[in-house]
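Here's the structure we're looking at; comments come further down.
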Amino acid sequence: GDPALTFSSFGLYCNGRLVAGDFGSITGRIYTSYSGYYDENNAGTVQMIHTAHYLRDNGYAFWNLGMPLSYKSRLGAPTLSLEKFIPLWRKHVCQTPLPTLDYERMPAEYR
């Protein structure tokens, strides 16, 4: 019932068929991924790249990918300690996404 929390999904279609997707929630300027899937080789990677571009271009601060997994690291996702993650969360959780806002640039020590 929290109006600041909405659920969302992203999908990648090929010839009218859903081949990859992700679902999660939006809170403030943060998209949190719950789960993703793919049905064709590399479709999940393509879907993630398009999702990242959408979030960046529409004023989201960052994409919370959840637990660290090797494919996320290969795509460049940093693993943050709670001490680093919580201040970022608090900074952006009550903000509204706007296309004019910058994506959160991760400091070098986070990468």
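Some notes on this structure:
- Over the residues of the chain, the helix contribution to mean residue ellipticity at 222 nm works out to -8500 deg cm²/dmol, using -39500 (n - 2.57) for each DSSP H run of at least 4.
- Accessible area per residue for the chain is 65 Å², calculated with a 1.4 Å probe on protein heavy atoms, without ligands, DNA or RNA.
- Full extension of the chain between R74 and T32 yields a length gain of 13.2 nm, computed as 0.36 nm times the residue separation minus the alpha carbon distance.
- Given (1) 14.1, 41; (2) 14.2, 44; (3) 23.4, 80, the label whose value is Rg and Dmax of the Cα atoms in Å derived from this model: (2)
- Amide H partners (placed H, <5 Å) of A20, local residues excluded: L12, D39
- Based on Cα contacts under 8 Å between residues 6+ apart, the chain shows a relative contact order of 25 percent.
The values are calculated or read from the model by the stated rules, or taken from the named source; none is laboratory data. These numbers were taken from a predicted model, which means no experiment stands behind them. Just so you know, the surface numbers come from the protein's heavy atoms only, side chains and all, with ligands and any DNA or RNA stripped out. Shrake-Rupley method; radii C 1.70, N 1.55, O 1.52, S 1.80 Å.
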